[in-house]
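What follows is a set of notes on a single structure, which appears directly below.
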Amino acid sequence: MGTKPKLGYIGLGLMGKPMVQNLLKAGYSVVVHNRSRDVVNYLVKEGAEEAFSPREVAAQVDIIFTNLPDSPDVELVALRKDGILEGVKEGLIYVDHSTIKPSLARKIAQQFESKGAFVLDAPVSGGDIGAQNGTLAIMVGGPEKALKKVLPIFGVVGKSITHVGDAGSGQIAKAANQIMVAAQMVAMGELLILAKKSGADPVKVVQAIQGGAAQCWTLDVKSDRLFSGNRQPGFKAYMQEKDLNIVMDTAREYGAPLPAAGIHTQLYSAMLQMGMRDLDNSAVIGVLENLASTTLLD
């Protein structure tokens, strides 16, 4: 590719901001927009250009990215008044890094394709650390010819890029990812509480099982944080609960029974009710501590 495409980015939160910083460091020109302007001003100082609506961003760029909290946010930014669709020109590629309902991803793709634009649903996994380090896993749904044009950009922000299939497939992969993440977080909480209640050292228990079949990213990364008393995000509990609600809505929509994921969704909902919405998703152990009348570190 000759000259680099001009990029747009909407949604500059825990994930979006460091991803834009990595794109700027890689020499891309990036137009940014966000509901809160402080982060826009910060990124402008680092070399980004500012815009004041999604439509304004879309009209200036070749490839536009969103990284937003939930399905209604994406629908508003992509399809509503002053949204990306209003600024679309033929050949624009719209990449959505948000985690949303697969059915909405398919609806957006259809509307953009009718205007000669391309859509990639490309949710990510790896948390804020992966965003900062440019090591995210990116799961992509949408047309392969659009993906080929975006691959060099994905290579700046991620290290694992998988084309899962047609529109919505990236979101289905992310839903599957969140089923496994929640299961690991809950299982880790349960095994730590079992160790604590039965008189074994939880730290030694983790060391004992990490070398066998129980080894996983969650035990490797999150257990040390819990043992140090750190329950700060990371990936916030309310976002995990939101993603699990997407999982359950999608399961109902397509007729997939997910009994364990249903229980995990209830545990994260309990977390929110107990005032732990802004803690890390690994802090679901707090619900189990409450049920067991114990704490990991007492």
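The values are calculated or read from the model by the stated rules, or taken from the named source; none is laboratory data. Worth saying up front: this structure is predicted, and the values here are computed from it rather than measured. Glycine gets a Cβ as well: all are built from the backbone with ideal geometry, and neighbour counts include every protein chain shown. Note: areas computed on protein heavy atoms with side chains; ligands, DNA, RNA excluded. Shrake-Rupley method; radii C 1.70, N 1.55, O 1.52, S 1.80 Å.
Numbers below:
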item	result
Mean Cα-pair separation over length for the chain, i.e. relative contact order, pairs under 8 Å, 6 or more apart, %	13
Charge dipole magnitude, Cβ of K and R +1, D and E -1 - the chain, Cα centre, debye nearest 20	320
For segment 160-292, accessible area per residue (1.4 Å probe, heavy atoms of protein chains only), Å²	47
Cβ-Cβ FRET estimate between Lys6 and Ile129, R0 fixed at 30 Å, reported to 0.05	0.60
Percent carbon-and-sulfur accessible area, segment 52-197, ignoring ligands, DNA and RNA, probe 1.4 Å	53
Straight-distance crosslink candidates among lysines, where the alpha carbon sits under 20 Å from Lys236 and sequence neighbours closer than 8 are dropped	Lys17, Lys101, Lys174, Lys222
D (Stokes-Einstein, µm²/s), Kirkwood Cα radius, segment 194-298, 1.567 mPa s at 4 °C	86
Global geometry of segment 106-183, whether rounded, prolate or oblate, following the gyration tensor of its Cα atoms and the 1.5 cut on a/c	oblate
Directionally averaged shadow of segment 65-155, computed from the convex hull of its alpha-carbon atoms, nm²	5.6
Local net charge near Ala292, Cβ-Cβ under 14 Å (Lys/Arg +1, Asp/Glu -1)	-1
Area projected by the alpha carbon convex hull of segment 1-147, averaged over all directions, nm²	8.0
Packing-based order for 238-245, 89-96, 38-45, using average beta carbon neighbours within 10 Å, highest first	238-245, 89-96, 38-45
Å² of accessible area per residue within segment 1-106, as computed with a 1.4 Å probe and no ligands counted	43
More than 18 angstrom apart: percent of Cα pairs within segment 153-231	55
Descending Cα extents along the principal axes, the chain, whole Å	64, 44, 34
Degrees, to the nearest 10: 217-227 long Cα axis against longest axis of the chain	60
Residue-span extension gain [Ser160 to Lys148] - 0.36 nm each, minus C-alpha spacing	2.9 nm
